[in-house]
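The values are calculated or read from the model by the stated rules, or taken from the named source; none is laboratory data. All values reported here derive from a predicted model rather than from experimental measurement. Every residue, glycine among them, receives a Cβ derived from its backbone with ideal geometry; neighbour counts consider all protein chains shown. What goes into the accessible areas is simple: the full protein's heavy atoms, side chains included, and nothing from ligands, DNA or RNA. Shrake-Rupley method; radii C 1.70, N 1.55, O 1.52, S 1.80 Å.
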Amino acid sequence: MSSTPRLFVSHDLAEGKAIPLDDEQSNYLLRVLRLSAGAPVRVFNGRDGEWEAVIGEVQGKRASLVPERHARAQPTVAGSAPILLFAPVKKAQTDFIVEKATELGAARICPVLTERTQTRTVRLDRFRKIALEAAEQTERLDLPEIEDLAPLAAALDALAPGTQIVFCDEAGDDASVPWGGEAGRAGPIADVLPGLGEAPVAILIGPEGGFTPDERAWLRGRGDTHAVSLGPRILRAETAVVAALSVWQALKGDWRGGSGVSQS
Ligand code: SAM
């Protein structure tokens with residue numbers, strides 16, 4: 001992994017145009033990394049690709065960056081980056097979900113309220129900080145959008161028309177046996193994804209207690225939803241997020257082509 005620090009900024013990036021850093025970024029470069037003027041830093045803003053920069057003028061505790069060379073272009077065509085809809089779980093596991101979804105290239109991260117969601121509030125500022133740090137580390141050229149917590153139906157209604165929902169459903173339909181038995185079980189995710197063509201996709205993961213039978217029936221009854229199985233074992237929600245996003249990227253996403261670090 002490159003030892004050159006990599007920072008996200010909101011400013012436009014252009015050769016020679018100095019960028020003032022905030023206290024936290026200045027502290028990170030000057031005190032944590034103990035760098036000084038002239039030291040190399042890579043910088044991106046989600047619009048102008050990645051630039052090689054150097055630390056410019058340091059005034060007191062504040063540093064600036066001066067972009068010098070355009071190192072990576074911003075992808076012009078939005079890739080097939082998936083949207084993640086997930087029911088928040090315990091704090092540490094939810095933080096893990098946000099971090100891994102960012103590393104795995106999710107375009108948007110949408111916490112949703114389902115009937116069995118136990119965590120009914122989220123800290124968006126915390127999610128955004130986790131996502132920013134993960135994007136800097138994972139060499140992404142953009143940040144995922146973090147949506148506010150919304151009821152499941154509202155979150156689905158807010159999706160762009162034509163978005164296909166990949167509903168990770170571990171259950172069967174027989175309420176008299178654990179996990180619903182085999183009747184009505186979803187097909188393997190690897191068999192379902194290829195049939196979705198090039199439509200935008202939202203992956204839906206439930207809470208610790210899973211989806212209720214009514215929610216499953218409602219979801220399966222929608223015309224835009226495809227139930228998928230992530231195998232015979234019951235995965236924790238955070239494991240299911242990583243598994244589903246990884247399979248998506250491997251079969252339909254940006255793991256299939258391009259050399260070097262991801263262009264998204
Ligand atoms: N319903 C179970 C329960 O009561 O413990 C498990 C819920 S699981 C912890 C959380 C979510 O992960 C599920 O709602 C589902 O979206 C996803 N998931 C876990 N294992 C899965 C599997 N084998 N196939 C499909 N989805 C799975």
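A few points about this structure:
- Scanning region 174-197 for residues that are touching a residue at least 40 places away in the same chain (Cβ under 8 Å) and in a loop (DSSP other than H, G, I, E, B) turns up 185, 186.
- Condition broken by residue 207, with the remaining ones in (1) within 19 Å of the chain's Cα centre (by Cα); (2) within 13 Å of the ligand (Cβ to nearest atom); (3) surrounded by 21 or more Cβ atoms within 10 Å (Cβ to Cβ) satisfied: (3)
- Any chance residue 182 is farther than 21 Å from residue 111 by Cβ, in the same structural domain as residue 89 (by TED's automatic domain parsing) and open to solvent by 40 Å² or more (accessible area, probe 1.4 Å): yes
- Selection within region 210-236 - under 16 Å from residue 88 (Cα atoms) and open to solvent by less than 10 Å² (accessible area, probe 1.4 Å): 210
- Only one of 107, 134 that is of a type in the set (A, V, I, L, M, F, W, C), under 18 Å from residue 201 (Cα atoms) and surrounded by fewer than 23 Cβ atoms within 10 Å (Cβ to Cβ): 107
- Residue list for region 205-258, filter: in contact (Cβ under 8 Å) with a residue 60 or more places away in the chain, of a type in the set (Val, Ile, Thr) and not in a loop (DSSP other than H, G, I, E, B): 205, 225, 228, 241, 242
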